[in-house]
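Contents: one structure, followed by commentary.
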Amino acid sequence: MSTTPVPTAPQSGDDTEEKPKLDVRQQIRRIVQGDLSSVRVILGLVVIALIFQVQESRFLSAQNLTNLMLQITTIGLISVGIVYVLLLGEIDLSVGAVSGLGGAVMVVLNVKHGWNPYLAIAAAVATGAAIGCAQGFLFSRFVVPSFVVTLAGLLTWQGALLQVLGQTGSLNVTDPKITGLANIFYSNTTGWIIAVVCIVAYGLVLGIGYRRRVAAGLGDSNPLPQIFRFVVIAAIVIGAVAIFNASRGVPLAVLILLGFVIGMEYVVQTTTFGRHVFAVGGSDEAARRAGIRVNGVRVAVFTISGSMAAVGGVMAASRLFAVNQNSGGNELLLLAIAGPVIAGTSLFGGRGSVWTALLGALVIGSISNGMDLLGLASPIKYMVTGGVLLLAVLVDAVAKQQRQTRGRA
Amino acid sequence: MSPDQPLLQLEGISKHFGPVHALDRVDFAVSAGEVVGLVGDNGAGKSTLVKVIAGINSADSGTIRYEGEEVSIHKPQDATNLGIATVYQDLALCDNLDVVANLFLGSEERLGGPGVLTRQLDEVDMENRAGDLLSNLAVTIPSLRSEVGTLSGGQRQQVAVARSLLGEPKVVMLDEPTAALGVPQTKQVLGLIKRLRERGLGVVVISHNLVDVFEVCDRIFVLRLGRASGDFAATEVTEEHVVAAITGLGNNAGARAEVAEEKAEAADGGAEGEKA
């Protein structure tokens with residue numbers, strides 16, 4: 001957001017309020033500075049898209065972009081929880097297994113026990129929440145590294161998945177309420193209504209915040225950065241809906257993902273709890289001395305992580321119409337962690353945003369999707385994804401060093 | 001409370017850690033609008049004394065009076081509630097958060113209306129209050145929204161001191177506020193301490209740096225091996241006297257003479273000084 005200069009009165013007691021002059025360059029820097037790492041990732045996405053588009057003209061087709069968005073919902077939802085854990089400077093290795101277990105709990109309750117689909121989904125998410133809560137408690141109460149607690153969790157919940165699935169090893173889900181989550185597409189008209197509602201809501205949020213700041217005499221009264229933000233977001237929304245409408249329409253799954261990203265971003269950036277998450281991630285000792293219940297924050301964050309993993313598992317089961325012994329396995333865990341890190345959330349805690357869950361999933365999803373289109377084999381896919389992760393972390397580390405030297409100079 | 005009565009007064013404070021006498025019948029006082037330098041060699045009991053006042057350790061014996069009333073301080077919250085704030089040497093700041101967030105950490109302002117449900121932060125109000133506070137103290141930082149990690153050591157110290165003032169304390173204790181700071185930064189921090197005095201706060205400064213102590217303190221209180229070994233008016237004592245009281249070496253008669261002269265003003269310190 002914008003910055004407020006503090007009146008500087010070096011030695012004397014008088015503090016004359018001087019408004020700094022804002023030139024255009026400063027204005028641009030202000031726009032870019034807040035989301036510098038996001039801008040970098042978006043540039044990376046553009047490069048990836050161009051490379052694949054040159055090789056295979058179907059990559060940027062509406063059809064494929066819709067597919068891509070559906071492919072990243074599971075990983076994106078799991079990453080939302082992972083962002084919270086990363087903000088604490090911790091790690092949760094159990095999210096893959098928990099997502100598989102969550103999906104299985106839902107399907108078993110719905111198919112084998114005939115539960116109402118919404119109740120089954122709620123039970124799945126509650127399972128994830130309970131698991132996360134337990135792991136968070138063990139980690140914070142007994143000061144065991146989160147790495148170890150959740151590694152034990154990974155094995156335990158994988159076993160639980162096999163147990164829940166029983167002899168068959170695979171269960172199909174047919175309930176339309178559940179499969180609809182990933183397979184409902186809205187009509188063109190509904191799509192545009194959604195777009196208008198989103199844009200108007202965003203404009204209101206920006207406008208109200210801006211008016212409050214100006215009324216309070218904070219920041220400069222130049223609305224240009226806000227207008228710039230608004231135009232960019234509005235353009236993205238309109239473009240996205242146009243693309244979805246050119247194919248099958250706006251998918252419910254994407255709305256669910258966006259809803260969680262926006263909601264959890266709101267929590268982490270604007271609420272007291274979110275502030276405390278950042279504080280514990282920055283310095284748990286400072287947070288403790290400030291009277292923050294550090295262990296409470298930790299348990300809450302791991303609960304969120306477990307819940308989001310289960311939500312991702314529900315989404316995966318809905319999209320694949322089934323759960324099996326492999327659900328939540330393979331590279332899902334590692335990609336869900338790699339995504340936010342690629343997009344700029346620090347592994348060391350205290351820096352990042354929930355948007356990185358979406359951006360990171362987009363980067364990973366694009367690479368995977370593009371290489372599938374090109375018919376490349378798995379070994380190549382893994383190595384390329386690994387290379388991108390390494391590159392992203394290196395770029396981030398270099399940027400951080402530069403920022404620090406400049407900041408201290 | 002009579003005008004010349006100390007704001008905070010400790011009498012006969014003792015603290016033992018096993019066989020070690022960390023503090024032995026120490027009398028200490030700080031008045032409103034007064035800066036007291038607390039000096040002494042490593043292990044002299046400075047930190048223990050501060051921790052007793054801050055409620056981290058309780059004293060084994062002795063009484064604490066605050067604004068003339070006898071009080072008991074058993075936990076940090078007790079001290080905070082009385083109006084005693086402490087800034088420790090490690091500052092306890094979150095480097096990844098900006099100045100406003102650090103100032104209000106743990107006591108954030110919240111929005112009314114629908115934001116109550118999510119305990120939404122009132123950033124505008126916090127930024128306003130932070131701006132007022134920092135400009136009143138003439139604290140020099142580049143921006144309220146700079147990350148604390150990018151600030152210089154002196155600026156960080158000033159932010160930490162400013163944060164301690166948000167609870168409107170009457171006594172502020174600073175642990176080595178100028179350690180590891182450069183000359184201009186030290187000057188900034190000392191300037192801030194003087195402004196705390198102007199605001200009528202009682203300030204206790206622990207320091208190893210006698211130059212800084214003489215620059216900013218009204219009174220210098222010396223601890224040696226857990227006992228008070230001197231209590232001087234800063235304007236009426238030389239550095240040699242203070243060093244002699246700290247080390248216990250050299251001619252201590254000078255220090256005693258100073259104490260005798262000050263007896264009227266600092267009767268408690270004088271008694272300890274003669275024992276030492």
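The values are calculated or read from the model by the stated rules, or taken from the named source; none is laboratory data. Just so it is clear, the model here is predicted, and its values are computed rather than measured. FYI the Cβ positions are ideal-geometry reconstructions off the backbone, even for glycines, and counts take in every protein chain you see.
Things worth noting here:
- Residues satisfying the stated conditions in the range A:108-126, i.e. out of contact with any Asp or Glu (no Cβ under 9 Å at 6 or more places or on another chain) and crowded, with 24+ Cβ neighbours inside 10 Å: A:Ile121, A:Ala124
- In the range A:157-170, the condition of being surrounded by fewer than 16 Cβ atoms within 10 Å (Cβ to Cβ) and touching a strand residue (DSSP E or B) at 6+ places or on another chain (Cβ under 7 Å) is met by at least one residue.
- Set A:Ala279, A:Ala290: member being hydrophobic (A, V, I, L, M, F, W, C), at the interface with another protein chain (Cβ under 9 Å from one of its Cβ atoms) and in contact (Cβ under 8 Å) with a residue 12 or more places away in the chain: A:Ala279
- Residues in the range B:23-63 that are surrounded by 23 or more Cβ atoms within 10 Å (Cβ to Cβ) and assigned to a strand (DSSP E or B): B:Leu23, B:Val26, B:Phe28, B:Val30, B:Val35, B:Val36, B:Gly37, B:Leu38, B:Val39.
- Boolean, B:Asn96 is in contact with a Gly (Cβ under 7 Å, 6 or more places away or on another chain) and either surrounded by 21 or more Cβ atoms within 10 Å (Cβ to Cβ) or not charged (D, E, K, R) (or both): yes
- Condition check for A:Val299: under 30 Å from A:Ile199 (Cα atoms), β-branched (Val, Ile, Thr) and either crowded, with 24+ Cβ neighbours inside 10 Å or more than 14 Å from every other protein chain (Cβ to nearest Cβ) (or both): no
- Hits in the range B:80-96 (condition: polar (S, T, N, Q) and either within 8 Å of another protein chain (Cβ to nearest Cβ) or not in a loop (DSSP other than H, G, I, E, B) (or both)): B:Thr80, B:Asn81, B:Thr86, B:Asn96
- Cross-chain or 6+ apart pairs with Cβ under 7 Å, the range B:114-133 first and within 7 Å of chain A (Cβ to nearest Cβ), then hydroxyl-bearing (Ser, Thr, Tyr) and in a helix (DSSP H, G or I): B:Arg119/A:Thr272; B:Gln120/A:Thr270; B:Leu121/A:Thr270; B:Leu121/A:Thr272
- Screening the candidates A:Gly239, A:Gly180, A:Gly249 for the property of being more than 14 Å from chain B (Cβ to nearest Cβ), exposed (fewer than 15 other Cβ atoms within 10 Å of the Cβ) and under 25 Å from A:Phe321 (Cα atoms) yields one hit, A:Gly180.
- The residues listed here are A:Val277, A:Val196; of these, the one that is modelled with pLDDT of 95 or more and buried (at least 19 other Cβ atoms within 10 Å of the Cβ) is A:Val277.
- Counted residues, the range B:37-60 - those being under 11 Å from the mean Cα position of the chain (by Cα) and β-branched (Val, Ile, Thr): 2
- Within the range B:198-210, residues that are within 14 Å of another protein chain (Cβ to nearest Cβ) have Cβ atoms under 9 Å from residues that are buried (at least 16 other Cβ atoms within 10 Å of the Cβ) and in a loop (DSSP other than H, G, I, E, B) in these pairs: B:Arg199/B:Leu137, counting only partners at least 6 apart in sequence or on another chain.
- Single condition B:Glu34 does not satisfy, out of (1) at pLDDT below 90; (2) acidic (Asp, Glu); (3) within 25 Å of B:Ser207 (Cβ to Cβ): (1)
- Condition check for B:Leu137: surrounded by fewer than 22 Cβ atoms within 10 Å (Cβ to Cβ), touching a helix residue (DSSP H, G or I) at 6+ places or on another chain (Cβ under 8 Å), more than 10 Å from every other protein chain (Cβ to nearest Cβ) and in contact (Cβ under 8 Å) with a residue 40 or more places away in the chain: no
- Residue match in the range B:64-71 (condition: touching a residue at least 60 places away in the same chain (Cβ under 8 Å), more than 17 Å from the chain's Cα centre (by Cα), part of a loop (DSSP other than H, G, I, E, B) and facing chain A (nearest Cβ under 9 Å)): no
- Looking only at the range B:104-113, and only at residues there that are crowded, with 21+ Cβ neighbours inside 10 Å and within 26 Å of A:Leu206 (Cβ to Cβ), the one that is nearest to the other protein chains (Cβ to nearest Cβ): B:Glu108
- Taken over the range A:318-375, the criterion of being farther than 25 Å from A:Gly103 by Cβ and charged (D, E, K, R) is satisfied by A:Arg351 alone.
- Applying the set (1) at pLDDT below 95; (2) small (Gly, Ala, Ser); (3) within 15 Å of the chain's Cα centre (by Cα) to A:Ser307 leaves exactly one unmet item: (1).
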